Amino acid sequence: QLQLQESGPGLVKPSETLSLTCSVSGGSISTSSYYWGWIRQPPGKGLEWIGIIYYSGSTFYNPSLKSRVTISVDASNNQFSLKLSSVTAADTAVYYCARARRPITGTTDYWGQGTLVTVSS
Amino acid sequence: QSALTQPRSVSGSPGQSVTISCTGTSSDVGGYNYVSWYQQHPDKPPKLIIYDVNKRPSGVPDRFSGSKSDNTASLTISGLQTEDEGDYYCCSFAGSSTFVIFGGGTKLTVV
């Protein structure tokens with residue numbers, strides 16, 4: 001059974017960079033059938049697609065976040081990561097890592113449990 | 001690009017049917033047969049229940065069905081059960097610049 005687990009600091013200061021890692025178990029990240037990505041959900045609000053990465057390193061980002069987002073992959077350790085720079089309180093959210101089907105359709109079939117990241121001084 | 005439009009809330013009684021709408025534009029919902037639906041219970045990650053407008057992943061009951069007409073997609077839940085209560089989100093492919101957008105979510109109450 002595929003499992004995804006987010007890890008990283010739960011508190012980030014304004015203007016700093018949010019960094020999260022997703023560890024994948026029960027399957028290889030180096031598969032041609034899927035992308036690996038990040039989706040976030042501010043407390044009490046809806047879902048926002050952040051972006052995805054293919055195991056080869058190709059990335060696709062939400063245009064509204066593109067200038068601040070970097071998603072990278074470490075296939076040797078079956079992990080991928082998210083960096084979001086210059087964070088503000090508006091970036092406070094539960095961040096989910098997930099597996100998305102290829103081609104890009106929005107179909108996301110496995111999700112991590114999510115990790116709350118609070119932006120505050 | 002704006003989020004897809006969903007009703008804030010819907011309700012139904014056990015055994016009844018409810019339909020949740022998801023309205024977009026010709027650049028997203030209307031332009032592609034790539035609408036997916038997610039069910040989310042409190043403090044849990046979303047769960048995929050419909051993809052490619054009307055396909056159900058393995059293990060999802062056939063009480064859940066999806067459809068689309070022009071720029072509006074719909075999720076119908078028949079034979080409502082108390083465990084269906086939760087939040088439902090639609091999602092659509094939105095082209096090679098925007099990629100993926102979600103709806104604002106609909107809270108389903110089973111009373």
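Note: chain B, Cα convex hull, 93 Å³ per residue.
If every alpha-carbon in the stretch B:20-70 counts as one equal scatterer, what log10 I(q)/I(0) does Debye give at q = 0.31, 0.32 1/Å? Once normalised to I(0) and log-transformed, intensities are -1.21, -1.24. Normalising the Debye intensity of chain A to I(0), with uniform scatterers on Cα atoms only, and taking log10 at q = 0.15, 0.16 Å⁻¹ returns -0.60, -0.69. Going from the residue with the fewest nearby Cβ atoms within 10 Å to the one with the most, B:19, A:115 rank B:19, A:115.
Cβ-to-Cβ counts within 10 Å put A:19, A:25, B:36 in ascending order as A:25, A:19, B:36, the fewest first. When all alpha carbon pairs of the stretch A:71-121 are counted in 5 Å bins from zero, the resulting P(r) reads 5, 15, 19, 25, 19, 12, 4, 1, 0 %.
Pairwise alpha-carbon distances in the protein assembly as shown exceed 30 Å for 22% of all pairs.
The fewest-to-most ranking of B:70, A:91 by surrounding Cβ atoms within 10 Å reads B:70, A:91.
Quick note: the coordinates plus some simple rules give every number you see, no bench work behind them. If you're wondering where the values come from, they're calculated on a predicted model, not measured in any experiment. Every residue, glycine as well, gets a Cβ built from its backbone with ideal geometry; the counts of neighbours run over all protein chains shown.
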